[in-house]
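The values are calculated or read from the model by the stated rules, or taken from the named source; none is laboratory data. Predicted, not measured: the structure shown is a model, and the values here were computed from it. Here Cβ is always computed from backbone atoms with ideal geometry, including for glycine, and neighbour counts include all displayed protein chains.
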Amino acid sequence: MNAHDIANESRRGFLLGVGAAALVLAVPLPVFAQDAAQPKYGGEGMPHGLRDDPRLFVAIGADGVVTVICHRSEMGQGVRTSVALVVADELEADWNKVKVQQAPGDEARYGNQNTDGSRSLRHHFMPLRRAGAAARAMLEAAAAATWSVPASECKAQNHVVTHARSGRTLGYGDLATKAAALPVPAADAIALKKSADFRYIGKGKVGLIDGADIVSGRATFGIDAKADGMVYAVVARPPVYGGKVKSFDGAEAQKVPGVLKVVPLDSPAMPSKFRPLGGIAVVATTTWAAIKGREKLKIEWEAGPNGGYDSVAYRASLEAAARKPGKAVRSAGDVDAALAKAAKKVEAEYYLPHIAHATMEPPAALARVADGRCDAWACVQSPQDARDLLAELLGLDASKVAVNVTLLGGGFGRKSKADFVAEAALLSRAMDGKPVKVTWTRDDDLMHDYFHTVSVERLEAGFDADGKVTAWLHRSVAPTITSIFVPDPKHEAPFELGLGMTDTPFAIPNLRLENPEAAAHTRIGWFRSVSNVPHAFAIQSFVAELAAAAGRDPKDFLLELIGPARLIDAESIGTWNYGEDPKRYPIDTGRWRRVVETVAKEAGWGRKLAAGRGLGIAAHRSFVTYVAAVVEVEVSKDGTLTIPRVDIAVDCGPQVNPERVRSQMEGSVVQGVALATLGEITFKDGRAQQTNFHQYQLTRLPQAPREIRVHLIGSDDYAQPLGGVGEPGVPPVAPALVNAVFAATGKRIRALPIAGQLRA
Amino acid sequence: MINVTVNGREHAFDGPPEMPLLWFLRDVLGMTGTKFGCGMALCGACTIHLDGTAVRGCVTPVAAAAGKKVTTIEGLSPDVSHPLQKAWQEFNVAQCGYCQPGQIMQAASLLKTTPKPNDAEIDAAMGGNLCRCGTYTRIRAAIKRAAEGGAA
């Protein structure tokens, strides 16, 4: 399919409402009556809010095929399947007649599309239900008009509308054109299905909508996009963030067979946001020729202000900062006094390095800039942000920029940043409008990532004479994500600290949380579950350390710190709440307790284990979902670590697609194991030192947990708020793993990755 | 000129003989089922069969395939009916799906030589194929299911 075909296909499907898609009309943009003083939470608080207009999300052809428009990006979380099954269920559609079409980036039309923060179903479940239910009502109304009977006598069920009294039936395809001409029912007139009548929601019975395409190689990722006349490019980027080209000689590169052009790209001002890093691009007839050409470039770089970034020295600076008082970000009671009179004190310092997203599909995009417009095909998590970036860099109105969303070969936060798409567009312009595909090689990806932050977490606690924890001091020091947007911030943003630190639920009378200063020297980005990784690692490791110091069972001790079941208003303790209403999404220690108790029971907590084996437990709330994990490890005499089994319990509220909740938990366990055991990016002379998978190692099949048991704690009440799923499985895995290592060996791991630390 | 047979079709290639099969397949033939992941035979995303045996397309030059039969994911079965393709769908193995063509081609090579692999044999065969989404437990289960079904 070439670029024109793709564009035409999307127009046929839903832009113009012609051809197969009858139940599609031009939709006026909604006008929001907003009260500026009224804080908005959830999806309504996101840019461009939510949409529930069926004409945006449903198209029904004369052949009865239902096309659901998915406006969220698919990166393995199963959202194309889950969005479709929600709409199909309310629509009473037959799953075998449902297709999915991906929406381009257009938030004015579709509402928020930023597929990030474990928000897709949490925010869009109800609007998508309303869209499906409204379309169902329109089909029933169309049938009623056809038969001249009251709509109340017509019922849509499994792709057929039936008039009960007369027994007449009409298929959805027969009704599509007429239904499309009817008004959309008012919001308060839409009758949602009772959850007892759900066909697909909560059942976990439907297969992946892209399953057959994936196993046959037909699935199209960003790197697979094609256009007539397409050429291929790779880019040599400044190896140090903030650096630029001092001088270059492209003559030898130009001689490589297949190389068409060597193109210098400007480096951006700092902070660079989502703008490309600049450098020297090589455009060629194949990716291979571009890579060979790039090897022949002679470039002298100017390192810029971050040329001295060195991970060893930087760690020492973070540790020094953590050992001195810093900005207090939450405080209760008098920690200093409580520590001074504590019967016993425990302190520990934890280190977590930079890690790279390392999506299996590296960043890659196709763009064509011609005829006063830009068309891009790309694996992006936030297509509207990509569109705005392209418009800005090309000097085009956003209406002249189309970002078509392919499948994403992994995202994990990396593909929220569309720098790689902009490279393709700038190069297409430099190639006089030829479509250009930019591919990041793996060394590009690992050396120029938006890295997960590096952090030191220091904790100190005091026990009273009765063994109760009376004081808790936590200092978190890490360069902030905001450093890619604003100049030289020294502190983490409230939202970062609210990712598992300032939202700590523990019932400790004297508590102080601090955030000493740290400066960023590379691009810091968000990686799946973000700062929950260091915060949960430190806190949940420290809880186990305290339990050991007190001679207590770690699970019982954790439950004691969580305290009795109660609801904590996030705003009352001054913490961010994932953008959610603190009343609707309180910090619920009862749910914390339940995941801990469930996973302990299911994992057989306390069971007898062979020598060298141990169980560790950890629990964490993130993205308004509660997860606890028990990891079983075996450490051999020579220090080889294996993981026979992991149990993970999740309470994310009602589940739309339990099968994908399970798969997300399984994947989170493996990604948690990878960052705990192997993952580390280090810098020297400002440059990331790991260039491929021999140096930046990921967990492989033989080292992965042999068995992962997922325990779903759900609610059948679909009026209850949904929690996130994509990210919350990650944070508890690493601390549960090191706690298990401690149980097995007595060795406490305080710095990740474990790597060779267990070797004899 | 190099003659290479891909999924039963012969192709004549007059480009650089050292070009890896990966890029020949993707950029010259437009067959994008075979994926780029690392370029150094470290991740297995580009796994294809050369005369029936799994190789990494990113480090295998076109010249090495002269006169040989290359099979890619697109040619594994004419109708997506290979027992591994069926098992992969039955277990909903894929998350993002990007590594899965390579995983399936590697597993297909394994089942040819070892029709009923045990865990150790699966470990040995599949350890070179990375999955960042972490689908390993399902990959293992799907290989065993395909083996039960008598995959060829």
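Within region A:173-195, one or more residues are of a type in the set (S, T, N, Q) and farther than 30 Å from residue A:661 by Cβ.
On the basis of being of a type in the set (Gly, Ala, Ser) and more than 23 Å from residue A:667 (Cα to Cα), does residue A:117 make the cut? Walk me through how you get there before you give the answer.
On the way: of a type in the set (Gly, Ala, Ser): yes; more than 23 Å from residue A:667 (Cα to Cα): no.
No; evaluated as a whole, the condition is false for this residue.
Taking the conditions exactly as written (at the interface with chain A (Cβ under 10 Å from one of its Cβ atoms), surrounded by 19 or more Cβ atoms within 10 Å (Cβ to Cβ) and among the aliphatic types (A, V, I, L, M)), does residue B:65 satisfy them or not?
Details: at the interface with chain A (Cβ under 10 Å from one of its Cβ atoms): no; surrounded by 19 or more Cβ atoms within 10 Å (Cβ to Cβ): yes; among the aliphatic types (A, V, I, L, M): yes.
Taking the combined requirement at face value, the residue does not satisfy it.
Say whether the condition of being touching a Ser or Thr at 6+ places or on another chain (Cβ under 8 Å) and within 14 Å of chain B (Cβ to nearest Cβ) is met by at least one residue in region A:339-362. The answer is yes, given that some residue of region A:339-362 is touching a Ser or Thr at 6+ places or on another chain (Cβ under 8 Å) and within 14 Å of chain B (Cβ to nearest Cβ). In the set (1) under 18 Å from residue A:701 (Cβ atoms); (2) in a loop (DSSP other than H, G, I, E, B); (3) more than 10 Å from chain A (Cβ to nearest Cβ), the condition left unmet by residue B:107 is number (2).
Just checking, does region B:121-133 include any residue being within 8 Å of another protein chain (Cβ to nearest Cβ), at negative phi, in contact with a Ser or Thr (Cβ under 8 Å, 6 or more places away or on another chain) and among the acidic types (Asp, Glu)? Looking through region B:121-133, none of the residues is within 8 Å of another protein chain (Cβ to nearest Cβ), at negative phi, in contact with a Ser or Thr (Cβ under 8 Å, 6 or more places away or on another chain) and among the acidic types (Asp, Glu). Scanning region A:39-59 for residues that are in a loop (DSSP other than H, G, I, E, B) and either of a type outside the set (Lys, Arg) or in contact (Cβ under 8 Å) with a residue 40 or more places away in the chain (or both) turns up A:39, A:41, A:46, A:47, A:48, A:49, A:50, A:51, A:52, A:53.
Which members of region B:124-143 meet the condition of being assigned to a loop (DSSP other than H, G, I, E, B) and either touching a residue at least 60 places away in the same chain (Cβ under 8 Å) or not charged (D, E, K, R) (or both)?
First, the residues of region B:124-143 that are assigned to a loop (DSSP other than H, G, I, E, B): B:127-135.
Once the filter is applied, which keeps residues that are assigned to a loop (DSSP other than H, G, I, E, B) and either touching a residue at least 60 places away in the same chain (Cβ under 8 Å) or not charged (D, E, K, R) (or both), region B:124-143 yields B:127, B:128, B:129, B:130, B:131, B:133, B:134, B:135.
At least 1 residues being among the polar types (S, T, N, Q) is the threshold, and among the helices (runs of 4 or more DSSP H) wholly inside region A:361-460 those reaching it are A:383-394, A:419-430. Any chance region B:33-56 includes a residue that's within 11 Å of another protein chain (Cβ to nearest Cβ), free of Cβ contacts under 8 Å to residues at least 12 places away in the same chain and under 14 Å from the mean Cα position of the chain (by Cα)? No, because not a single residue in region B:33-56 is within 11 Å of another protein chain (Cβ to nearest Cβ), free of Cβ contacts under 8 Å to residues at least 12 places away in the same chain and under 14 Å from the mean Cα position of the chain (by Cα).
Is it the case that residue A:662 is within 14 Å of chain B (Cβ to nearest Cβ), modelled with pLDDT of 95 or more, surrounded by fewer than 24 Cβ atoms within 10 Å (Cβ to Cβ) and within 22 Å of the chain's Cα centre (by Cα)? In short, yes. Quick one: is residue A:681 more than 14 Å from chain B (Cβ to nearest Cβ), out of contact with any Leu (no Cβ under 6 Å at 6 or more places or on another chain) and within 27 Å of residue A:241 (Cα to Cα)? Against the criterion (more than 14 Å from chain B (Cβ to nearest Cβ), out of contact with any Leu (no Cβ under 6 Å at 6 or more places or on another chain) and within 27 Å of residue A:241 (Cα to Cα)), residue A:681 qualifies. Of the numbered criteria (1) in a strand (DSSP E or B); (2) in contact with a helix residue (DSSP H, G or I) (Cβ under 6 Å, 6 or more places away or on another chain), the one residue A:260 fails is (2). Among the conditions (1) part of a helix (DSSP H, G or I); (2) away from chain A (no Cβ under 11 Å); (3) more than 15 Å from the chain's Cα centre (by Cα); (4) without any contact (Cβ under 8 Å) to a residue 60 or more places away in the chain, the only one that residue B:146 does not satisfy is (4). Applying a threshold of 6 Å to beta carbon distances and a minimum spacing of six or more residues, or different chains, the list of pairs starting in region A:364-389 at a residue that is on the phi < 0 side of the Ramachandran plot and among the charged types (D, E, K, R) and ending at one that is modelled with pLDDT of 95 or more and part of a helix (DSSP H, G or I) reads A:368/A:428; A:373/A:400; A:387/A:398. Going residue by residue through region A:383-404, is there one that turns out to be of a type in the set (D, E, K, R) and within 12 Å of chain B (Cβ to nearest Cβ)? Within region A:383-404, none of the residues are of a type in the set (D, E, K, R) and within 12 Å of chain B (Cβ to nearest Cβ). Looking only at region A:186-202, decide whether some residue is surrounded by fewer than 19 Cβ atoms within 10 Å (Cβ to Cβ), within 14 Å of chain B (Cβ to nearest Cβ) and either part of a loop (DSSP other than H, G, I, E, B) or not polar (S, T, N, Q) (or both). Looking through region A:186-202, none of the residues is surrounded by fewer than 19 Cβ atoms within 10 Å (Cβ to Cβ), within 14 Å of chain B (Cβ to nearest Cβ) and either part of a loop (DSSP other than H, G, I, E, B) or not polar (S, T, N, Q) (or both). Here B:72, B:34 are screened, and the one residue that is crowded, with 23+ Cβ neighbours inside 10 Å, in contact with an Asp or Glu (Cβ under 9 Å, 6 or more places away or on another chain) and among the hydroxyl-bearing types (Ser, Thr, Tyr) is B:34. Counting the residues of region B:76-104 that are surrounded by fewer than 24 Cβ atoms within 10 Å (Cβ to Cβ) and either within 9 Å of chain A (Cβ to nearest Cβ) or without any contact (Cβ under 8 Å) to a residue 60 or more places away in the chain (or both) gives 12. Remark: pairs (first residue in region B:11-30, in contact (Cβ under 8 Å) with a residue 24 or more places away in the chain and more than 7 Å from chain A (Cβ to nearest Cβ); second residue among the polar types (S, T, N, Q) and not in a helix (DSSP H, G or I); Cβ separation under 7 Å; 6+ apart in sequence or on different chains) = B:21/B:60; B:22/B:34; B:25/B:34; B:25/B:72.
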